[in-house]
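No value in this document is a laboratory result; all are computed from the given coordinates. Since we're looking at a predicted model, the values are computed, not measured. Note: ideal-geometry Cβ built from the backbone for every residue, glycine included; neighbour counts use all protein chains shown.
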Amino acid sequence: MQRLSLLLLAGLCSLSWAQYDDDPHWWFQYLRSQQSTYYDPYDPYPYPYEPSEPYPYGVEEGPAYAYGSLPPPEPRDCPQECDCPPNFPTAMYCDNRNLKYLPFVPSRMKYVYFQNNQITSIQEGVFDNATGLLWVALHGNQITSDKVGRKVFSKLRHLERLYLDHNNLTRMPGPLPRSLRELHLDHNQISRVPNNALEGLENLTALYLHHNEIQEVGSSMRGLRSLILLDLSYNHLRRVPDGLPVALEQLYLEHNNVYTVPDSYFRGSPKLLYVRLSHNSLTNNGLATNSFNASSLLELDLSYNQLQKIPPVNTNLENLYLQGNRINEFSISSFCTVVDVMNFSKLQVLRLDGNEIQRSAMPVDAPLCLRLASLIEI
């Protein structure tokens, strides 16, 4: 039966049975012959929630006026340090002005841009006159946590996007309005996320906390029932968060010190598609049998850890990155618990280069289990 299955597969691949007898690794050679170029590294954010430029009109310089015409005069309530284009009466551009303070914000404003200045504080009440704000961009300044008013954002009940990345924050700001959908706190010096730091943010869909000094997040993420993207990469985490949001689709934990993943950890997030845990301290002793057995997962990155065996994965997984580990054996049971014509893995990309494994270690039944693979690097 096994010989018949392999014969059928060889026919599909336009290979003869004689070729199989001459070279037991013909299938691997066939895959390599189909690769016209080396695999291009994955995109940082493969799903629709890519970090967007915080400008509603698409250009940092602000909206342009019609060529050949003079711009109309700015409204009188616009601060002299900023630009308030009449064509876009709800936007105020104060970016790249060497500002050291936040100017007055007119009540009609919905989009304010203070990025790339020298602002060090966000004083209490600075936004009280403009409670209809939707976007506030404060990234690329020198803001410190002790100079942020405790209730400075709480009255902004319509705020959707808050950019505080690339500052000098050492703790989470708050309280924050429930309306918030995107929160950018990356590239700061935050060391922990208290359990109540994100309380009430039931509409938050994207949270960027990468490139901080976070050592612990506890159960702070559990209540974020709308969260789709969570980026905690480039921190000092030793453990994964205690529970993940139910709507989560993208989880980025690369470049931390994570050494263990609990059994069935991802099953509480049935929509999860992408998990990246590269450049951590994972070993097989820190993993359970079902640590990564989540049927929704499409991409799993475990590269550059300390794994010696291929961990079991779900048959629905399409991309698995294991390069740069210490893997010394190829276990087909990690992909298929049963190997026959009807049971096979949906894996398309498998990276095993940079390990302690040879091409000759690939089992003879690998073509049957991994029949959909288009790239295997060993």
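Run the dipole for segment 95-163 about the Cα centre, Lys and Arg Cβ at +1, Asp and Glu Cβ at -1, nothing else charged, and hand back the magnitude in debye, nearest 20.
Working: 10 positive and 5 negative charges, 26 e Å.
So the magnitude is around 120 debye.
Under the rule a/c < 1.5 gives rounded, and otherwise a/b versus b/c splits prolate from oblate, where does segment 180-307 land using the Cα gyration tensor? Can you show the working numbers first?
Values: a/c = 1.77, a/b = 1.25, b/c = 1.42.
Because a/c hits 1.5 or more and a/b fails to exceed b/c, segment 180-307 counts as oblate.
With +1 on each Lys and Arg Cβ and -1 on each Asp and Glu Cβ, how big is the dipole of segment 174-296 about its Cα centre, in debye rounded to the nearest 20? Don't jump to the answer; show the numbers that get you there.
Working: 10 positive and 11 negative charges, 45 e Å.
About 220 debye.
Taking the beta-carbon count within 10 Å as an exposure proxy, list Asp83, Asp263 from fewest neighbours to most. Please list the in-between numbers first.
On the way: Asp83 19, Asp263 11.
Ordered from fewest to most neighbouring Cβ atoms within 10 Å, Asp83, Asp263 come out as Asp263, Asp83.
How far is the Cα center of segment 344-376 from the Cα center of segment 222-288, in Å?
25
Identify the trypsin sites (Lys or Arg not before Pro) of segment 67-161 meeting these criteria: DSSP loop state and at most 10 other C-beta atoms within 10 Å of the C-beta. Mind dumping the intermediate values first?
Working: sites: Arg76, Arg97, Lys100, Arg108, Lys110, Lys147, Arg150, Lys151, Lys155, Arg157, Arg161; in loops: Arg76, Arg97, Lys100, Arg108, Lys110, Arg150, Lys151, Lys155, Arg157.
Answer by residue number: Arg76, Arg150.
If you restrict to DSSP beta bridges whose two residues both lie in segment 75-173, what percentage is antiparallel, to the nearest 5?
Details: 1 of 12 bridges.
Bridges in segment 75-173 are about 10 percent antiparallel.
Projected onto the charge dipole of segment 146-282 (+1 at Lys/Arg Cβ, -1 at Asp/Glu Cβ, origin at the Cα centre), which of Gly200, Met172, Asn235 gives the Cα projection farthest towards the positive end?
Gly200
Please arrange Ile228, Ile143 by how many other C-beta atoms lie within 10 Å of their C-beta, fewest to most.
Numbers: Ile228 20, Ile143 23.
The most exposed by this proxy come first: Ile228, Ile143.
Is there a quick way to get the dipole size of segment 151-215? I mean about its Cα centre, with the Cβ of Lys and Arg at +1 and of Asp and Glu at -1; what is the value in debye to the nearest 20?
Taking the Cα centre of segment 151-215 as origin, the dipole is about 300 debye.
Cα gyration tensor of segment 253-340, axes a ≥ b ≥ c as square roots of the eigenvalues: rounded (a/c below 1.5), prolate (a/b > b/c) or oblate?
Numbers: a/c = 1.56, a/b = 1.10, b/c = 1.42.
Oblate, since a/c reaches 1.5 and b/c is not below a/b.
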